[in-house]
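The values are calculated or read from the model by the stated rules, or taken from the named source; none is laboratory data. Computed from a predicted structure; not experimentally measured. FYI the Cβ positions are ideal-geometry reconstructions off the backbone, even for glycines, and counts take in every protein chain you see.
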C-alpha cells in the first residue's frame, strides 16, 4: 500500500514524540497526583472524612482505567481519534472526535479555573486573577511546545518531589497524629459523600481517558497496560494515605479548608523541617497542578492534529491558550453555579462519553478481532 506524504510527516512526528512505557506510567502518576491535590473542591459536611471519598472514588477510577486500557489493547498503536474512526466508521468517528476535542478543551479550561481558585484560596499573594491565568497559560503553552517526550521526563521530577515531600512531612508529624479522629463515621452525610465521590470520579478519573492519546506514542509494542495499572494502584493508595494522614493530624480542623491541597499545606507547615517549608509546599502543589494542565492541553492539541491531519502541531498552541483563558474567565465570578454545572455535566456528558462510548468500543473491537481471527482460520 502506497503511503501519502501526510502519512510520512505524521509518522516522523510520532517517532520524534515516542516515549517508553515507564514514561507513560509516570505521566499517568503525575496526572493523578497533580489533579487530586489541586482540582477537587471538598464538600462542606465531609472534609474530615475526605479519605473515604478518595477510597470509594479510587475503586471506581481503577475500574475505569481498566476499561480504557482494554480499549487500547483492542486497538493497538492508534491514538484516540484513530480508534474512534476504526470503531465507528469515518463519518461518525470524526464527529465523535470533534465532540471529544470540545470535551478535552472544556476540561482544560475548567482545570485552569480551579487552579486560580486554589491560588486565591491560599490568601497569601494578592495577585489579580487575570495575572494568574496569563502566568499559568504562559507556562502551559511552553510545556506543550516542548512536547510529550520532554513532559514525560519532567514527570520523573514532579512525581519524585511529591513523594519525597510527603514522606518527610509525614515522619515529622507522627507525634501530632490522633487515631480518634477517624472514629466518628456516624457523622458522615451519605448524600454529601456520594456527591463528593461523584465529583472526584468526574474531575479526576474520567479524564484518564486522555491516556489513550499519548498511548499511540509508546515505543515498541510492549504490554504497557500492566505498567499503568501497577502505577495507578500505588498512586491510588498514596492519595488515600494523604487524606488519612491529614485527618489524623488535623481532625475537626479540616473543616476550615476548601481544597485537599490546603490540608496538605497545613500538615507540611506543622513539620517545621526547614524555614519557609509551607512556601515550598505551595510550589510543589502548583507544580503538580501545572503538569496536569499541560498534559490536558497537549492531549487536546494531539486530538485536533490527528482528527484534522494537521502537519504542524505547534501552530495552534497560542490560539488555544488564548481560548483557554477566555473559557476560564467565563467561569470566574460564577462560583456558585459550578456545582450545578458539574451535576449537569456528569449526567449528560460524563456518563455517555466517558463510560458508554468506551464500552461500545470494547464491544466493537472484540467483534472485529473475532471476525479477523475467523477469516484467518478459514484461509
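Data table
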{"read-out": "Of all residues making up the range 352-362, the number that are under 16 Å from residue 62 (Cα atoms) and either out of contact with any helix residue (DSSP H, G or I) (no Cβ under 6 Å at 6 or more places or on another chain) or free of Cβ contacts under 8 Å to residues at least 12 places away in the same chain (or both)", "value": "2"}
{"read-out": "Tabulated pairs, the range 244-258, first surrounded by 22 or more Cβ atoms within 10 Å (Cβ to Cβ), second part of a loop (DSSP other than H, G, I, E, B) and modelled with pLDDT under 80, C-beta under 9 angstrom, 6+ apart or interchain", "value": "250/257; 254/42"}
{"read-out": "Any hit, the range 359-368, residues being buried (at least 16 other Cβ atoms within 10 Å of the Cβ) and at pLDDT below 85", "value": "no"}
{"read-out": "Residue check for residue 291: out of contact with any helix residue (DSSP H, G or I) (no Cβ under 6 Å at 6 or more places or on another chain), modelled with pLDDT of 75 or more and either crowded, with 23+ Cβ neighbours inside 10 Å or over 25 Å from residue 150 (Cβ atoms) (or both)", "value": "no"}
